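These notes concern the structure reproduced below.
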Amino acid sequence: MTDNLMAFLNEKKLTIDTQLTKAIEKLHAPDELKEAMNYSISAGGKRLRPILLLSTIEALGEEESLGMGTAIALEMIHTYSLIHDDLPAMDNDDLRRGRPTNHKVFGEAAAILAGDALLTYAFECLVSNSEKLSDTLKLKLTRKLAHAAGPEGMVGGQQEDLSAEGRELSIDQLKHIHDLKTGRLLTFAIESGALIGGANDEQLKGLRRFSKHLGLAFQIRDDILDIEGNEEDIGKPVGSDEANNKSTYPKLLSLQGAKDTLHDHIDQALVVLESLDLKSSRLEQLTHYILDRKQ
């Protein structure tokens, strides 16, 4: 990773972190609830989804500040999903990003409510922090985010992932689950950035194709890190997929096969980007980052 990209990621992460903290601080809500919400929001995530959203707007030559409301809404929904994913009834994880999971600190009931609060507050933030966007665009973004996060998106993928534990899937079944569970929110990040940035039809179609390859690459890299990653870097124990008897890309394709497939999706994502008339190379840099990331 270049120093330039690292500086960019740190700068954008700080901006997003500040906006998320401000959004929670101004809530007139029980202190215990705000504390549990902020605990997971401030746990040190990469903020990759909102950074991809803002970078897509930049690549189209528009002011990235136009997408900040949507960006923090997206990160709130991602964080809620992690809180619930860690619960004993789901993955039953004790660590997230190197810290005790939300339910380990605040109890299961408070963790569930913190997740519920982040999910619902996200849509308020999308609308109220997007004053420069038209009502028509805000409505479209709200609908697309709800679809990506809901029963035909992330939540449906979570259910299929749970149902698949203990049985071997085909590679197509695994891709379908990850498209729902991980890919839909990542696709929303790119697509919403394209809509806010004023992409033409060709750019919008291309960026959607790009997001599909990027989403698969992201998940394959996750599966590889669960085998080869450093616990200190990824912030949770390695080998959890094997312990939960989950189908993964390395399990179905072999570790080398998973790495080859990862490179193939990265290459295809870069080919799509090269075909589009974009005004910056930031999305290309982020694609290489997803290939090489350690956490």
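The values are calculated or read from the model by the stated rules, or taken from the named source; none is laboratory data. Nothing here was measured: the structure is a model prediction, and the numbers come from that model. Cβ atoms come from the backbone with ideal geometry, glycine included; neighbour counts cover every protein chain shown. For accessibility, only protein heavy atoms count, side chains too; no ligands or nucleic acids. Shrake-Rupley method; radii C 1.70, N 1.55, O 1.52, S 1.80 Å.
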Identify all residues within the stretch 59-81 that are touching a Ser or Thr at 6+ places or on another chain (Cβ under 8 Å) and at pLDDT below 95; write none if there are none. E64
Picked from the stretch 242-280 (must be in a loop (DSSP other than H, G, I, E, B), within 21 Å of D292 (Cβ to Cβ) and open to solvent by less than 50 Å² (accessible area, probe 1.4 Å)), the residue modelled with the highest pLDDT is T248
Only one of these is outside any helix (DSSP H, G or I) and either in contact (Cβ under 8 Å) with a residue 60 or more places away in the chain or surrounded by 21 or more Cβ atoms within 10 Å (Cβ to Cβ) (or both): G45, G69. Name it. G45
Residues of the stretch 127-178 being among the charged types (D, E, K, R), open to solvent by less than 40 Å² (accessible area, probe 1.4 Å) and without any contact (Cβ under 8 Å) to a residue 40 or more places away in the chain, in sequence order, are K138
Out of (1) within 21 Å of M154 (Cβ to Cβ); (2) at pLDDT 95 or above; (3) among the hydrophobic types (A, V, I, L, M, F, W, C), the odd one out for A43 is which? (2)
Got at least one residue in the stretch 288-295 being at pLDDT 95 or above and open to solvent by less than 20 Å² (accessible area, probe 1.4 Å)? no
If you scan the stretch 94-110, which residues turn out to be in contact (Cβ under 8 Å) with a residue 40 or more places away in the chain, closer than 18 Å to D31 by Cα and either of a type in the set (D, E) or buried (at least 16 other Cβ atoms within 10 Å of the Cβ) (or both)? N102, F106, A110
Which condition breaks for F8 when tested against (1) in contact with a helix residue (DSSP H, G or I) (Cβ under 7 Å, 6 or more places away or on another chain); (2) assigned to a helix (DSSP H, G or I)? (1)
From L27, L9, residue being open to solvent by 10 Å² or more (accessible area, probe 1.4 Å), in contact with a Phe, Trp or Tyr (Cβ under 9 Å, 6 or more places away or on another chain) and modelled with pLDDT under 95: L9
Residue hits (the stretch 85-121; acidic (D, E), in a helix (DSSP H, G or I) and closer than 22 Å to K246 by Cβ) are D85
In the stretch 190-221, how many are open to solvent by less than 60 Å² (accessible area, probe 1.4 Å) and assigned to a helix (DSSP H, G or I)? 22
L60 fails exactly one of the following numbered conditions: (1) among the aliphatic types (A, V, I, L, M); (2) crowded, with 21+ Cβ neighbours inside 10 Å; (3) within 19 Å of the chain's Cα centre (by Cα). What is the number of that condition? (3)
